[in-house]
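Worksheet for the structure shown next.
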Amino acid sequence: MFVRTYARLFVAGFRRQSTYRLAALGGLVANTTFGLLKVALLFAAVDAAGGQLSGYDVGAMSAYIWISQGLLGSINLFGRTDMAVRIRSGDVAVDFLRPVDVHLATIATEVGRSVFALLPRGLPSVAIGAFVVGMSLPDDPAAYVLGALSIVLGIVVSATTVYLVAATGFWLVETRGVEILYMVVSGFFAGLFVPIRLFPDWLHAAATATPFPSMMMYPVDVISGRVDGAESAGLVGLQVFWLATTIAAGQLATRAGRRRLEVQGG
Amino acid sequence: MGDLAARTAPYRAVLASRMRSQRSYRANFALDLASSALVGFVELAEVWVIFRSVDSLGGLDLAAVVLVFGVADLTFSLADLAFGHCDTIPTYLRAGTLDVFYLRPQPLLLQLITSDISLRRLARAGVGATALVVGLAINDVAWSASSVALVALALASGFATFAAMFVWAAGAQFYLIDGAEATNAFVYGGRYAATQPAAVWDRPLKAVFGFLFPMAFTAYLPVVTLLGLPGPEWMPGWLGWCAPVAALWAWLLALLTWRAGVRHYQGGGG
C-alpha cells in the first residue's frame, strides 16, 4: 500500500512530463547546440594537450559531453521547483493535509518527470553524439547495468538535493537567492561544462565534498566506462551515501518547516 | 527636448518603479547581486580550468581569451540587464496578460523592453568589466586612436547584437510558447559561443554562430583584430571592424521575427 501510493505519484509525474512534447523538443535543440559547442572547445583542448587531457581522449570526452547533455533534462541544476512556489504561496498547507509524506511524495513525482525526460532528451542526445560525433563506450555489459543504476541514483539525488533548496522557503519565503546560488555551484561541481577531473586538486576535493558530482559526473563516469570495477562500485557507493544524507536532511527540514510554516492571507 | 521628456515619461516611470521594487527587499537584493557576480566568476573559472592544462586554444592564449570573455560577458550582461526580461513573454502568452499591453497607446515591443530592468545583472557586468580591464592590461595592445575606436565599436556592437538576440527570441515565442528552450539554445548558447575562440568551430557552428547569429563578431573577431592575431583561415583578421554590420544584421533578423510573431498572434481570448 505504502509503495503503491508513491509508485502512482511516480507514474503521474512521468505522464505529466509526457504531455510537454514541444518543450522536450526545445530542450533537445538546446542540448545538441551546447553539446556541439562543448565538442568544439573540449576536442580542441584534448588535441592541444597532445591527445590526452587528464585521462580523457577524444572518444571519452565525447562520451562525457553527450551523456551529460542527455542527463540535463532529468536532473535539476537550476534550483527552481514547484515545491518552492507552493511553500511561498502557502499551497503547501493543503499538501500537509493529505495522508502522504509531503517530502517523499514530492520526490516521487519529480523522479517520475525526470525518468520520462530520458526518453525525448537523454536517448536522442546520446544517439546524436554516437552517430554524428562518435564516442567510446564500454564493451562489458555489466558496466551498463551498473551505469543504469548510477543514472537512476543520480536522478533521485538531484530531486532530494533540490528539495532542500525549496525547504529553505519555510524560513526564507523568497528563495530565489538560494536558487541562483544552487544553480551556480551545482552546475560547476556536477561537471556540467568541464569534467571535474580537470579541476586542480583542491577544487576537485571541494567538489567531491558535495552531492553535486553524484547527480551527473559519477553516472557519466560509470556508464561511459571511464572508470571500472572497484572504482565504479565506489562511485555508486558515494551516490548511495549522498542519497541517504539528503533524504534524512529533507525529512528533518520538512518536519521543522511544518512547525515553522506561516501561511499569509486568509 | 521637452517633447522627448514628455514622450518618455511613462517608460521612465515604469522603469523607476521596477528599480525601486527590486531594492526594497534588501537582503534578497544583496543575495541576488552576490549570486549574479558568482555566476560570472564561475563562468570565468570554467575557462581557466580548460586553459590550465593547455597553452593555447584556437590561436588564443589565456590572456587573449580573458579579453574575449571580458568583451562578451560585459556586453551580454548589459544586454541582459536591459532586454533579458523579454524571456518572460511565454508566461504573458500563456496567461493571456500580453493583451493588456495592447490596450496602452504605446508600441508593443517598446513596452515589453521597458517593462522591467534586472539590476542584479549589474554585478555580473562588473565581473565582465573586470575581465575586460585585466584582459586589456595583460595583453600586448598597440594603443592608438584606432585601437581605442575598435574597443568602443566592439562594446557597442556586442551590446546591440546580444540585445537583438533577446528580441529575436521573444518574437519566436509567439510560435513556440512551450518551446522556449529552443531559443535559449541560441541566446544563452550564443553567449557561451561568444566567449569561445571561434577558430575551434566546425562547419555547422561556423554557419550558426559565425553568421546566422553573429556571435563570433561580438568578441572573438574584434580581439583578433585588436591583438593583430592571424585569426582563423575562414575569416580575415580585419573582420573585427565589421562588428556593427553584424549588429545590424542581428537587429534585422530580430525585428522581422518580432513582426512575424506579432502578426501570428491571435490574442489570449477571454
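Hey, does the stretch A:124-146 have a residue that's within 20 Å of A:Phe78 (Cα to Cα), out of contact with any helix residue (DSSP H, G or I) (no Cβ under 7 Å at 6 or more places or on another chain) and at pLDDT 90 or above? No, the stretch A:124-146 has no match at all. Taken over the stretch B:16-58, the criterion of being modelled with pLDDT of 80 or more, in a loop (DSSP other than H, G, I, E, B) and more than 24 Å from the chain's Cα centre (by Cα) is satisfied by B:Ser53, B:Val54, B:Asp55.
From the set of residues in the stretch A:47-92 that are more than 26 Å from A:Gln17 (Cβ to Cβ) and away from chain B (no Cβ under 14 Å), which is surrounded by the fewest Cβ atoms within 10 Å (Cβ to Cβ)? That would be A:Gly59.
Screening A:Pro211, A:Pro195, A:Pro200 for residues that are at pLDDT 90 or above and touching a strand residue (DSSP E or B) at 6+ places or on another chain (Cβ under 9 Å) leaves exactly one candidate, A:Pro195. Pairs linking a residue in the stretch A:227-253 that is under 22 Å from A:Phe170 (Cα atoms) to a residue that is acidic (Asp, Glu), with Cβ atoms under 9 Å and 6 or more positions apart or on different chains, are A:Gln251/A:Asp101. Could you check, for the stretch B:105-117, whether at least one of its residues is in contact (Cβ under 8 Å) with a residue 12 or more places away in the chain, within 10 Å of chain A (Cβ to nearest Cβ), assigned to a helix (DSSP H, G or I) and surrounded by fewer than 21 Cβ atoms within 10 Å (Cβ to Cβ)? Checked the stretch B:105-117: no residue is in contact (Cβ under 8 Å) with a residue 12 or more places away in the chain, within 10 Å of chain A (Cβ to nearest Cβ), assigned to a helix (DSSP H, G or I) and surrounded by fewer than 21 Cβ atoms within 10 Å (Cβ to Cβ).
For the stretch B:252-268, the set of residues classified as surrounded by fewer than 18 Cβ atoms within 10 Å (Cβ to Cβ) and hydrophobic (A, V, I, L, M, F, W, C) consists of B:Leu252, B:Leu255, B:Leu256, B:Ala260, B:Val262, listed by residue number.
Comparison of B:Thr91, B:Thr130 shows that the only residue that is in a helix (DSSP H, G or I), out of contact with any helix residue (DSSP H, G or I) (no Cβ under 7 Å at 6 or more places or on another chain) and within 14 Å of chain A (Cβ to nearest Cβ) is B:Thr91. How many residues does the stretch B:133-160 contain that are part of a loop (DSSP other than H, G, I, E, B), β-branched (Val, Ile, Thr) and surrounded by fewer than 16 Cβ atoms within 10 Å (Cβ to Cβ)? Number satisfying all stated conditions: 0.
Can you name the number of the only condition in (1) in a helix (DSSP H, G or I); (2) more than 10 Å from chain B (Cβ to nearest Cβ); (3) β-branched (Val, Ile, Thr) that A:Thr33 fails? Against the list (1) in a helix (DSSP H, G or I); (2) more than 10 Å from chain B (Cβ to nearest Cβ); (3) β-branched (Val, Ile, Thr), A:Thr33 comes up short only on (2). Taken over the stretch B:235-265, residues that are more than 16 Å from B:Phe211 (Cβ to Cβ) and among the small types (Gly, Ala, Ser) amount to 3.
Residue pairs whose Cβ atoms lie under 7 Å apart, sitting 6 or more positions apart in sequence or on different chains, and linking a residue in the stretch B:37-50 that is more than 8 Å from chain A (Cβ to nearest Cβ) and more than 20 Å from A:Leu53 (Cα to Cα) to a partner that is among the β-branched types (Val, Ile, Thr) and part of a helix (DSSP H, G or I), are B:Ala37/B:Val127; B:Gly40/B:Val127; B:Phe41/B:Val127.
Matching residues to (1) assigned to a helix (DSSP H, G or I); (2) closer than 19 Å to B:Val151 by Cβ; (3) more than 11 Å from chain A (Cβ to nearest Cβ):
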{"position": "B:Lys206", "(1), (2), (3)": "yes, no, no"}
{"position": "B:Gly210", "(1), (2), (3)": "yes, no, yes"}
{"position": "B:Leu226", "(1), (2), (3)": "yes, yes, yes"}
{"position": "B:Trp238", "(1), (2), (3)": "yes, yes, yes"}
{"position": "B:Trp241", "(1), (2), (3)": "yes, yes, yes"}
{"position": "B:Ala247", "(1), (2), (3)": "yes, yes, yes"}
{"position": "B:Leu252", "(1), (2), (3)": "yes, no, yes"}
{"position": "B:Gln266", "(1), (2), (3)": "no, no, yes"}
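Of the residues screened, A:Ala233 is not one that is at pLDDT 95 or above, of a type outside the set (Val, Ile, Thr) and over 15 Å from B:Ala45 (Cβ atoms).
Residues that are buried (at least 20 other Cβ atoms within 10 Å of the Cβ), within 10 Å of chain B (Cβ to nearest Cβ) and part of a helix (DSSP H, G or I) are absent from the stretch A:146-166 altogether. The residue that is surrounded by the most Cβ atoms within 10 Å (Cβ to Cβ), counting only those in the stretch A:254-266 that are in contact (Cβ under 8 Å) with a residue 40 or more places away in the chain and of a type outside the set (A, V, I, L, M), is A:Thr254.
Take the conditions within 14 Å of chain A (Cβ to nearest Cβ), in a helix (DSSP H, G or I) and over 24 Å from the mean Cα position of the chain (by Cα) and apply them to B:Ala13. Does it pass? Judged against the criteria, B:Ala13 is not a match. The residues in the stretch A:167-214 that are part of a loop (DSSP other than H, G, I, E, B), away from chain B (no Cβ under 12 Å) and either surrounded by fewer than 19 Cβ atoms within 10 Å (Cβ to Cβ) or without any contact (Cβ under 8 Å) to a residue 24 or more places away in the chain (or both) can be counted, and the count is 2. For the stretch A:225-236, the count of residues that are outside any helix (DSSP H, G or I), surrounded by fewer than 17 Cβ atoms within 10 Å (Cβ to Cβ) and facing chain B (nearest Cβ under 10 Å) is zero. For the stretch A:43-59, name all the residues that are assigned to a helix (DSSP H, G or I) and in contact (Cβ under 8 Å) with a residue 60 or more places away in the chain. Residue satisfying the conditions is A:Gly59 alone.
The values are calculated or read from the model by the stated rules, or taken from the named source; none is laboratory data. Please read all numbers here as calculations on a predicted model, not as lab measurements. Please note: Cβ atoms are built from the backbone with ideal geometry, for glycine as well, and neighbour counts cover all protein chains shown.
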